[in-house]
Each structure stands twice: as structure tokens, then as C-alpha cells.
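Here's the structure we're looking at; comments come further down.
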Amino acid sequence: MRMRNLFIIPLVTIISVKFFVYAFASDNLFVQQKQSDKKELPRNPLDGRVVFERSNCINCHSINGFGGKTAPDFNSENFLSGDFELITDMWNHSPKMLKMIDQLNAKQQKISTEDFRKLRYFIAFLGYLSKNGSVSKGQDLFVQMNCAKCHSVGKSVPGKISLDKTGYNASPIYLAQVMWNHAAEMHKKQETSKITIPVFKGNEFASLAAYLESISTPGKKNKNLMYPGNPVQGEKLFNSKNCAYCHLKEKIGAALDKINLHKSVNEIAGMMWNHSSLMESAMWEKKISWPSFKESEMGNLIAYLYFYNTGQVNGSVEEGQKLLVSKGCNGCHYNGNPDKTISAYEIRPFDNIDEFFSKLWNHIPIIEKEFYTNGKELPKLVPEDVKSMYLYFNRSQR
């Protein structure tokens, strides 16, 4: 019970400092992602934290410093985002992991297909959480980016637009939505005033939001929080707001699969603002009206962008067949093995990558024992190796 509470407390802390309320719908939050390796996305990425606890991962690993200290910490900068990255890392570190499990007099927990899927997406979801913004850095940015020339905070200034209500809307996503809705007007004002349009990098957007929230509406306790977003609704918005027209259909803007969007929510918000002036010009030329967002729409769109492309891994059936030999798998999995081990060719196709991953992980102790019995070490893998072996087992000619 103590360990369970230890993990729940930091999650609440993480959520609160990001200004988010994690209230995910249980039925329709995530849909199947449109990628070459079509996969089902989680309805609630936080479901994986239960697997993280139950499988005793938390005994050695920590989340942003909360948890075990004998294994790497998972945080917004050190997380495994790719489909094949997590199982590859687990495979390569399994000798140390299994040794630690023995030292703790514990047993390796077998993971089901569904649990592995939840675990994989929970760890990947950590990249969505932003680091806290710096209030002092945000104050500097407010001046450096010339926001102060048109806006006032803390008190009203004649001739300037007050941002005093920012404190009521504590989510940086809300700031992104307001800025986006007024982007065309802001760009026009900046051009006439010969003010350079600001460009955000890194965690600067979070810092600006933190400063505005801290200085405006002093003493306000009840915050109007914005949900982190629903990718299902975000995909609909991506089409209805004509984002797809430029980024997918006409290729006027950069293709989404060519942009690294697996960044924190605040970084994506900053990236969207950075390209708003170019987008405005393209939309004016195509006679497309400027898109406006309301309620939780900006959060929905950003959530969709985050989960759109988690990175592709190359692989081939041919390479997978070669790897079964070069990595020593065929030492056991060959026809006629007296130990009755199933041959690699006879292994049935897997329903999805998570079934493959879970069975591979559950099989590691047996594999490792066999290698060590023959004086060999478990071979190292890279994500492309795992992808190729998966493709071999699921080759279309079967």
C-alpha cells in the first residue's frame, strides 16, 4: 500500500503543476492512428501506471524522481516513445533487470498483451507533460518578445490590452488558443508597428504562460483549467479547420509525418505559433478563412498532433530471417529440435505488436538461461531488429 501511495502522489503532483485536469473519457478518447503501421491508441494513457506498479517497475524505476532509485528515471526528457523502442530497451537491459529481481527475492511478472499496450503508451505519454515554466524567464520573454508594447498585466494601462484575466485560465493551452485566435490581428499590429513577430523555442511558451498566470488576477484561487485534449475530436478539427488541406492534401505546408511532433504540449503550442505567420500568408492566397478555436478545441488539436506520429522504424522480412540466425534464435527454434521447441517458421502470426512484445518479454528468462548455459551473452538488439523479426513472423505469404 505504501508503494501504491508513493506513486499516486507524484502523479497528482505532476498533473497539478502542469495546469491540467486528467479526466479522460473511457470509451472514445483515442482512435486508430493513420500511419503505415496502423495501431490502436489507448483510451486512457494513464491506465499504464497500474501496470507499472503491479509489475513492480516502480520498485526500481521512478517517475520524475518518485519511486525506486536503482534504475533510470522516466521523465519528460527520458522516456521511450517509439513502438519498438520500449521492448528493445527492456530486452537489452534484461540481464541487469533479472539480476536485480533475483536480489530482491522477487519473481519476474508476466505481462499480458493488453497490459503491455497500456505500459507502452503510459511511458510514451510522459513526453506530453511539459516541464514547469520559469516565471522569471517568462517575465524576461514578455519584454524581449515585445508583448509589453501592446499588453499590460497586473494593472490596466491606457492604450494597452490587459491580460489580467489570464490568471483565471491557468492552462498554457488556453494561452495558445487565445494567441492563435488573435494571430492575424496581432501580426497586422506587429507589422504596422515594425515589431518582430516572436518565435518560441524549447520550454519558452510554458515560461511565458507561467509568468502571465502568476502576475495577473492576484489572489484568485479558483482556476478555469483546460483539459489536455481528445485526439478523436482533434482529428476532426484538423480536417474541419482546413489544416489537412495544406498539410495532407495539397502539401502546401510541411507533411505531418515529416515533422517531429512527439514533443511536450507547450512545445507543440510554440511550434504552431511560430508557423502562424507563414500559414496566414498561405491561407490568404488560397482564400481560406483563419481558423478560430473555442472551449477545449486547441487542446484537442494538440493532443491529435502529439499522437499522430510517434516515429517510424524500418525493417524487412528478409532482414528478420537473417537476424534469427545471426542472433542465435535458430539455435533452439529449428525443425527437429529434440527439446520440442517450436521452429521459427511455425510460430504463428501475431495479432499486433503488443502480443509480440509481451510474449517476447515473458520468454526472456528462458532465452537468457539457454544462452548462458552455452557460455554466451544475450545478443543486443536495436529497434530495427525487433521490427524486422516481427515482420518475419507476420510475413504475408503465410
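The values are calculated or read from the model by the stated rules, or taken from the named source; none is laboratory data. Nothing here was measured: the structure is a model prediction, and the numbers come from that model. Don't worry about glycine lacking a Cβ; one is built from the backbone with ideal geometry, like all the others, and counts go over all protein chains shown. Accessible surface is based on the protein model in full, side chains and every heavy atom, while ligands, DNA and RNA are left aside. Shrake-Rupley method; radii C 1.70, N 1.55, O 1.52, S 1.80 Å.
Pairs exceeding 30 Å between alpha-carbon atoms, taken from 201/251; 249/359; 155/263: 249/359; 155/263. The label point for residue 136 and the one for residue 281, both projected 7 Å from the Cα toward the Cβ, are 3.8 nm apart.
Using mean Cβ contacts within 10 Å as the protection proxy, how do 102-114, 315-327 order, highest first? Mind showing how you got there, number by number?
On the way: 102-114: 12.8, 315-327: 16.4.
Highest-to-lowest ranking by the protection proxy: 315-327, 102-114.
Rounded to the nearest 0.05, what FRET efficiency is calculated for residue 150 and residue 93 with R0 set to 56 Å and r the Cβ-Cβ distance? Walk me through the numbers on the way to the answer.
On the way: r = 52 Å, r/R0 = 0.93.
It comes out at approximately 0.60.
Taking the alpha-carbon distance from residue 69 and a cut-off under 19 Å, which aspartates and glutamates remain once sequence neighbours fewer than 8 residues away in the same chain are dropped? Excluding near neighbours in sequence, the set is 53, 77, 89, 102.
Label the range 333-398 by shape, choosing from rounded, prolate and oblate, from the square roots a ≥ b ≥ c of the eigenvalues of the Cα gyration tensor; if a/c is under 1.5 it is rounded, and otherwise prolate applies when a/b is larger than b/c, oblate when it is not. List each step's numbers first, then the result.
Numbers: a/c = 1.93, a/b = 1.28, b/c = 1.51.
Oblate shape, in that a/c is at least 1.5 and b/c is the bigger or equal ratio.
Spin-label model, residue 248 to residue 66: label points 7 Å out along the Cα-to-beta-carbon direction sit 3.6 nm apart. Residue ranges 87-100, 172-185 sort as 172-185, 87-100 when ordered by packing (mean number of other C-beta atoms within 10 Å per residue, highest first).
Could you tell me which of the pairs 131/380; 188/294; 241/287; 160/188 are separated by over 25 angstrom between their Cα atoms in the structure shown? Pairs exceeding the cut-off: 131/380. Using a simple spin-label model with pseudo-atoms 7 Å out from Cα toward Cβ, residue 376 and residue 325 lie 1.4 nm apart.
Only protein heavy atoms count here; under a 1.4 Å probe, residue 54 has an accessible surface of about 130 Å².
Amide H to amide H distances under 5 Å link residue 151 with 161, where only residues 5 or more positions off or on other chains count and H is placed in the peptide plane. Accessible surface computed residue by residue for the range 79-136, with neighbouring protein chains in place and a 1.4 Å probe, gives 46 Å² per residue. Straightening the chain between residue 335 and residue 196 buys 43.1 nm, computed as 0.36 nm per residue apart minus the Cα-Cα spacing.
Report, to the nearest whole %, how much of the accessible area of the range 277-329 belongs to carbon and sulfur atoms, 1.4 Å probe, protein only.
Numbers: 1490 of 2860 Å².
With neighbouring chains kept in place, the figure for the range 277-329 is 52 percent.
Highest mean packing first, where packing is the average number of other Cβ atoms within 10 Å per residue, the peptides 336-343, 133-140, 122-129 line up as 122-129, 133-140, 336-343. Within straight-line reach of residue 236, meaning a Cα separation under 12 Å, sit the following aspartates and glutamates at least 8 residues removed in sequence or on another chain: 297.
Under the classification rounded if a/c is under 1.5, otherwise prolate if a/b is larger than b/c and oblate if not, where does the range 261-365 fall, given a ≥ b ≥ c as square roots of the Cα gyration tensor eigenvalues?
Values: a/c = 4.28, a/b = 3.24, b/c = 1.32.
Taking the square roots of the gyration eigenvalues as a ≥ b ≥ c, the range 261-365 is prolate.
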